[in-house]
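J.: If you scroll down you'll find the structure; I have some questions about it.
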Amino acid sequence: MSVPQRKFFGEIATLVDRAVTVTTVNGKEYTGTLLGINPDTLSLCLSDAKDEKGKTLHRVFLNGKVVAQIFAIEKPFNLKA
C-alpha cells in the first residue's frame, strides 16, 4: 500500500465513532454515527442515522458504490498545543 493510500485510510479511520453526513450518488443524505467502513469497497455502516426527511433509522448500511461524499460534522480535537 502506498503512502497516500495509508494516509487516506488513516483519515477515514479517524471518522469512526464520529458524527458524519453521507451523500449518495442519487442525492440521498444520511446523518449519523459512523460505526465502521470497509477500506476495500468503502461500504459503511451508520448508527442512529437520519435521512433527509428526518426519519430516524437504527442502522444504515451503504454500499461503497453509492457513496458520493462523507462529511465530518464535528471538527476533531487537536491535541497539539
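The values are calculated or read from the model by the stated rules, or taken from the named source; none is laboratory data. What you are looking at is a predicted structure, and each value in this text was computed from that prediction instead of being measured. We place every Cβ from the backbone using ideal geometry, glycine too, and count neighbours over all the protein chains shown. Calculation scope for accessible area: heavy atoms of the full protein, side chains included, ligands and nucleic acids excluded. Shrake-Rupley method; radii C 1.70, N 1.55, O 1.52, S 1.80 Å.
J.: Tell me the angle of helix 3-13 to the major Cα principal axis of the chain, expressed in degrees between 0 and 90 and rounded to the nearest ten.
T.: Taking the Cα atoms of the chain, the angle to 3-13 is about 40 degrees.
J.: Taking only protein heavy atoms into account and a 1.4 Å probe, give the accessible area per residue of the chain in Å².
T.: Per-residue accessible area for the chain comes out at 73 Å².
J.: Just to be sure I follow the definition: excluding the sites themselves, where is the longest run in the chain that has none of the trypsin sites (Lys or Arg not before Pro) in a DSSP loop with at most 10 other Cβ atoms within 10 Å?
T.: That would be 1-52.
J.: Restricting things to Cα coordinates, could you compute the convex hull volume per residue of the chain in Å³?
T.: In the chain, the Cα convex hull volume per residue is 98 Å³.
J.: Something else about it: Students often get this wrong: which residues of region 14-33 have the backbone nitrogen under 14 Å from the point 7 angstrom along Cα-to-C-beta of V66?
T.: 22-31
J.: Right, something else. How large a share of the accessible area of the chain, in percent, is made up of carbon and sulfur atoms when the probe is 1.4 Å and the other protein chains stay in place?
T.: Result for the chain: 56 percent of the exposed heavy-atom area is carbon or sulfur.
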